[in-house]
1. In whole Å, what three semi-axes, largest first, describe the equivalent ellipsoid of the stretch 58-100 built from its Cα gyration tensor (square root of 5 times each eigenvalue)?
2. Could you give the size of the charge dipole of the chain about its Cα centre, using +1 on the Cβ of each K and R and -1 on the Cβ of each D and E, expressed in debye and rounded to the nearest 20?
3. About the Cα centre of the stretch 19-65, how large is the charge dipole given +1 on each Lys and Arg Cβ and -1 on each Asp and Glu Cβ? Please answer in debye to the nearest 20.
4. Within the accessible area of the chain, what % is carbon and sulfur when the probe is 1.4 Å and the other protein chains stay in place?
5. Okay, helix-only estimate at 222 nm for the chain: each DSSP H run of n ≥ 4 adds -39500 (n - 2.57), divide by all residues, round to 500 deg cm²/dmol; what do you get?
6. Which order, highest average first, do 82-94, 47-59, 11-23 follow once you tally other Cβ atoms within 10 Å for each residue and take the mean per peptide?
7. Based on DSSP H assignment, which helices of the chain show an axial Cα extent of at least 18 Å together with a mean Kyte-Doolittle hydropathy greater than or equal to 0.0?
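The values are calculated or read from the model by the stated rules, or taken from the named source; none is laboratory data. Since this is a predicted model, take the numbers as computed values, not measurements. So basically every Cβ, Gly included, is an ideal-geometry build from the backbone, and we count neighbours across all protein chains shown. Please note that ligands, DNA and RNA were not included when accessible areas were found on the heavy atoms of the full protein model with its side chains. Shrake-Rupley method; radii C 1.70, N 1.55, O 1.52, S 1.80 Å.
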Amino acid sequence: MNAIDFTSPRAAARHFTPKLSDFVEQPLYSSVWSDPDLALRDRSLITIACLIAMNHANELPAHLKRGIENGLTKTELSAAITHLAFYAGFPAAITASAYANAAFAEDPPA
């Protein structure tokens with residue numbers, strides 16, 4: 001059995017559910033993420049916070065990296081995860097911290 005690539009869950013799911021993947025691309029990425037009313041950085045922070053709070057850890061690595069690409073710093077993400085511990089629960093924050101650590105382990109220091 002092949003391992004699932006959780007760095008890109010959408011890509012991993014595309015083969016089995018291509019229509020679902022299409023819905024993510026249209027309208028989510030083509031309309032919602034491109035709406036100028038929120039900056040991409042802010043959208044990333046909101047998305048990461050929701051994923052942590054809802055315990056959707058498998059989606060975190062891709063969104064953490066996208067958050068960095070959209071202007072979030074690792075320090076800000078660390079602070080957000082710590083802050084979320086009091087609202088989403090310590091287990092959710094610990095899990096998110098472990099995923100963040102793994103996602104950035106291969107990245108060179110900034």
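1. 18, 12, 7
2. The dipole magnitude comes to about 140 debye.
3. That gives a dipole near 160 debye.
4. 63
5. Value at 222 nm, helices only: -18000 deg cm²/dmol.
6. Top of the packing list down: 47-59, 82-94, 11-23.
7. Those that clear 18 Å and a mean of 0.0 are 40-53, 74-88, 90-104.
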